[in-house]
Amino acid sequence: MEIAIESAGNATVLAQAYESTMRGGTTVAIGLPHPDHQFSIPAVTLSAMEKTVKGSYQGSCVPSRDIPKFIEMFHAGQLPVDQLLTDTLHLEEINEGFDRLHKGEVARQVILF
C-alpha cells in the first residue's frame with residue numbers, strides 16, 4: 001500500500017498501518033491516541049524502506065484561509081456536507097448522543113440548543 005491512513009486513534013493500529021505501507025510509502029496518523037500510548041517501529045525501516053510517517057490534526061486546517069474556501073465549494077455544489085450529518089439532537093439528549101457515537105451508530109451529530 002502506497003499510503004495508509006490510521007484514523008482510530010490506536011497506537012497498535014498505527015503500527016499495523018505503518019507495517020502495511022510499502023517501500024517509499026507514507027503512513028498518515030489522523031486519529032488521536034491517548035497521550036500515554038507509544039508508537040514503536042523498527043527504526044531501520046525509515047531509511048532502509050524509505051517510509052514516511054506523518055501526522056495530521058483536523059486536516060491541518062487553517063480556519064481563516066480554509067473556511068471561506070469550504071463555503072464557496074459548498075455553494076458551488078462541490079462539498080456535500082449535508083451527507084456527513086447523521087442526526088440532530090437536543091441538548092438534553094447529549095448523553096444519548098455520546099452513547100450512539102460510542103456504539104458506532106452515528107458519525108456526525110448536530111446539537112440543537
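Computed quantities for the displayed model
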read-out	value
Residue satisfying all of: in region 1-44; in a loop (DSSP other than H, G, I, E, B) and of a type in the set (S, T, Y); nearest to G104 (Cα to Cα) among these	S7
Tabulated pairs, region 98-113, first over 19 Å from V81 (Cα atoms), second β-branched (V, I, T), C-beta under 8 angstrom, 6+ apart or interchain	R100/V106
Criterion violated by T88 - all others in (1) outside any loop (DSSP other than H, G, I, E, B); (2) free of Cβ contacts under 8 Å to residues at least 24 places away in the same chain; (3) among the β-branched types (V, I, T) satisfied	(2)
Pick from region 1-52, criterion of a type in the set (G, A, S) and touching a strand residue (DSSP E or B) at 6+ places or on another chain (Cβ under 8 Å), ranking: modelled with the lowest pLDDT	G31
Residue within region 46-58 that is within 17 Å of the chain's Cα centre (by Cα) and assigned to a helix (DSSP H, G or I) present	yes
P63 vs. criteria within 18 Å of the chain's Cα centre (by Cα) and of a type outside the set (S, T, Y)	yes
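The values are calculated or read from the model by the stated rules, or taken from the named source; none is laboratory data. Every value quoted in this text rests on a predicted model; they were computed, and no experiment measured them. With ideal geometry, Cβ positions are generated from the backbone for all residues, glycine too; neighbour counts draw on all protein chains shown.
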